[in-house]
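Structure record follows, encoded as structure tokens.
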Amino acid sequence: MMEWLEPIQKMLGPAWLPIWTLLKIVVIVLPLMGAVAYLTLAERKVIGWMQIRIGPNRVGYFGLLQPLADGLKLLMKEIIVPSGANKFLFIIAPILTLMPALAVWAVVPFNAELVVANVNAGLLYVLAMASLGVYGVIIAGWASNSKYAFLGSLRSAAQIVSYEIAMGFALVTVLMAAQSLNLGDIVRGQQGTHGLLNWYFIPLFPMFVVYFISGVAETNRAPFDVAEGESEIVAGFHVEYSGMAFALFFLGEYANMILVSFLTSIMFLGGWLSPLPFLPDGILWMFIKVAFVLFLFLWFRATFPRYRYDQLMRLGWKVFIPVSLIWVVVVGVWMQTSYWLW
Amino acid sequence: MSFFDAVFYLFAIITTLAATGVIIARNPVHAALFLVLAFCSAAGLWMLLEAEFLAITLVLVYVGAVMVLFLFVVMMLDINLVKLREGFWRWFPFGAGIAGLMVFEMVWVLGSRQTSESSKAVLHAANYSNTKELGRLLYTQYVYPFELAAVVLLVAMVAAIALTLRRRAGVKSQNVSEQVKVKKADRLRVVKMPSESRADGK
């Protein structure tokens, strides 16, 4: 497929591999950052329309330059470090939130060939990296030396740890159905002659719901944004942050939203496979599915009031974990019978 | 020195420095973060041995869950450093003796020719799946020890909860099922009112 690259490969010799990998990283990260920027605009527009407002419409046509203006504004702002803060950890915390959100993209397949690293234990890697994101929040809350920030980080830590369990079990059912931890193989396991009836969201429907809602909780999005909770603890863990340090938290949050949408599409909605058997598969389907799941994120935010903290914990521990445990057993038994059609 | 060796020494040095940091850091939160770094670089070392399942599980379980809860607790402790350092020199010879003994044992076991020959890593083909191999072994050859370990862990978990669960009198709490069962009609009354004309007749 890439024959035209061979002369360059010969010229560079051993330096070829790092350069080629770096190029692939740039090709993923740059569009991702663009998508994050325009997701913020989409969010403000969609929520605006849902609440019968117009949304941003002053900067550029239909407010299309608004994300750039916001980015520029945040870049020009001063980063204030509180005098009682732990300087090193205070600066490193936003970076720790963003890096895992970017690192996961290494194993995300865009179509049958397009993936940076075709890792066998891809799903485990995704889980491990997703669980690292919480450090940024905890360290930010602690290093700020402020009680609001600290409360926000404690809430966030408890929330992420509890929803991770349900999320993990939801993924266990996916890997049981696909019999592989490789994300590409999981999509290929959903290939069949019946289009969207072959996708895992049908046999694993409860897990699809549990995974997506846990994903919303893991990304600290409304209605599970108790870590920010502006009406109770001002803005939670990032109350002391300003300028680009503050922006990095939001880059991380939106990158994580896009990531959860990609993973939901890959594991339950057939990834790059087409929903109708007579249409060709392709990367376009992937983007349509991701856009749909992202719209759900925005729809949630515009519709639901914030969960109370104890309700959040109850949902995680007393509803999702039992449901996912039972469904693991159900899928295990189901797969042994002849009624398993996937 | 090959690239492989360079990566090994990089991870090994980071692990050792981070582990030292865990002991000498004054602030317990810093110590916990050093431990996180040590776990991450140890996971890198395991990755070099092609034990990808173990490496990722180390990050997932220890870094992603255990250390988060550790930090959670450590951050909320009110620690008096002066009191903590009291009697340091009194216990120093004792601690140093134990550390020396452990170093001696490790050198003895790992440094002997027999163990170092037999513990060389085996290189596998590109399509080798560490996860599959581990799963096969755990659920066939070692299924009874594995299940036994799981039961022991479950018992420990139940015991820990039972020990810390205290029922105090006079605690106020919400009845969640009652809250969930509430219907719109229980709380909301829609009052119909006819429109009235303004007092000034306009």
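Data table
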{"quantity": "Checking B:TRP46 against (1) assigned to a helix (DSSP H, G or I); (2) touching a residue at least 60 places away in the same chain (Cβ under 8 Å), the condition it does not meet", "calculated": "(2)"}
{"quantity": "Matching residues in segment A:63-75 - criterion: being in a helix (DSSP H, G or I) and in contact (Cβ under 8 Å) with a residue 12 or more places away in the chain", "calculated": "A:GLY63, A:GLN66, A:PRO67, A:LEU68, A:ASP70, A:GLY71, A:LEU74, A:LEU75"}
{"quantity": "The lone exception for B:ASP78 - which of (1) outside any helix (DSSP H, G or I); (2) within 12 Å of chain A (Cβ to nearest Cβ) it fails", "calculated": "(2)"}
{"quantity": "Some residue of segment B:30-39 being under 30 Å from A:TYR163 (Cβ atoms) and over 15 Å from the mean Cα position of the chain (by Cα)", "calculated": "yes"}
{"quantity": "Spans of helices (runs of 4 or more DSSP H) in segment A:226-342 with at least 1 residues within 20 Å of the chain's Cα centre (by Cα) and within 30 Å of A:ILE79 (Cα to Cα)", "calculated": "A:243-268, A:283-303"}
{"quantity": "Residue tally, condition away from chain A (no Cβ under 14 Å) and either touching a helix residue (DSSP H, G or I) at 6+ places or on another chain (Cβ under 8 Å) or closer than 23 Å to A:ARG314 by Cβ (or both), over segment B:182-202", "calculated": "4"}
{"quantity": "Unmet criterion (only one of (1) assigned to a loop (DSSP other than H, G, I, E, B); (2) surrounded by fewer than 10 Cβ atoms within 10 Å (Cβ to Cβ)) for B:ALA162", "calculated": "(1)"}
{"quantity": "Some residue of segment A:79-96 being surrounded by 23 or more Cβ atoms within 10 Å (Cβ to Cβ) and either under 14 Å from the mean Cα position of the chain (by Cα) or at pLDDT below 85 (or both)", "calculated": "no"}
{"quantity": "Set B:LEU101, B:LEU54, B:LEU33, B:LEU17: member being over 30 Å from A:ASN182 (Cβ atoms) and within 12 Å of chain A (Cβ to nearest Cβ)", "calculated": "B:LEU33"}
{"quantity": "Verdict on A:VAL226 being touching a Phe, Trp or Tyr at 6+ places or on another chain (Cβ under 6 Å) and at pLDDT 85 or above", "calculated": "no"}
{"quantity": "Segment A:102-115 - residue that is more than 14 Å from every other protein chain (Cβ to nearest Cβ) and under 25 Å from B:LEU37 (Cβ atoms) and, of those, surrounded by the most Cβ atoms within 10 Å (Cβ to Cβ)", "calculated": "A:TRP105"}
{"quantity": "Residue within segment B:132-145 that is modelled with pLDDT of 80 or more, in contact with a helix residue (DSSP H, G or I) (Cβ under 6 Å, 6 or more places away or on another chain), within 14 Å of chain A (Cβ to nearest Cβ) and assigned to a helix (DSSP H, G or I) present", "calculated": "yes"}
{"quantity": "Residues within segment B:106-127 that are over 18 Å from B:LEU45 (Cα atoms), at pLDDT below 75 and either exposed (fewer than 10 other Cβ atoms within 10 Å of the Cβ) or out of contact with any helix residue (DSSP H, G or I) (no Cβ under 7 Å at 6 or more places or on another chain) (or both), tallied", "calculated": "8"}
{"quantity": "Every residue from segment A:78-103 that is of a type in the set (S, T, N, Q) and in a loop (DSSP other than H, G, I, E, B)", "calculated": "A:SER83, A:ASN86"}
{"quantity": "Counted residues, segment A:283-323 - those being more than 14 Å from every other protein chain (Cβ to nearest Cβ), surrounded by 15 or more Cβ atoms within 10 Å (Cβ to Cβ) and not aliphatic (A, V, I, L, M)", "calculated": "8"}
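Results for (1) over 29 Å from A:LEU23 (Cβ atoms); (2) over 15 Å from the mean Cα position of the chain (by Cα); (3) modelled with pLDDT of 85 or more, shown as yes or no for each residue.
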{"site": "A:VAL119", "(1), (2), (3)": "no, yes, no"}
{"site": "A:ALA130", "(1), (2), (3)": "no, no, no"}
{"site": "A:LYS147", "(1), (2), (3)": "yes, yes, no"}
{"site": "A:SER153", "(1), (2), (3)": "yes, yes, no"}
{"site": "A:SER162", "(1), (2), (3)": "yes, yes, no"}
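The values are calculated or read from the model by the stated rules, or taken from the named source; none is laboratory data. On a predicted model such as this, the values are computed, not experimentally measured, just so you know. Backbone-built Cβ (ideal geometry, glycine too); neighbour counts: all protein chains shown.
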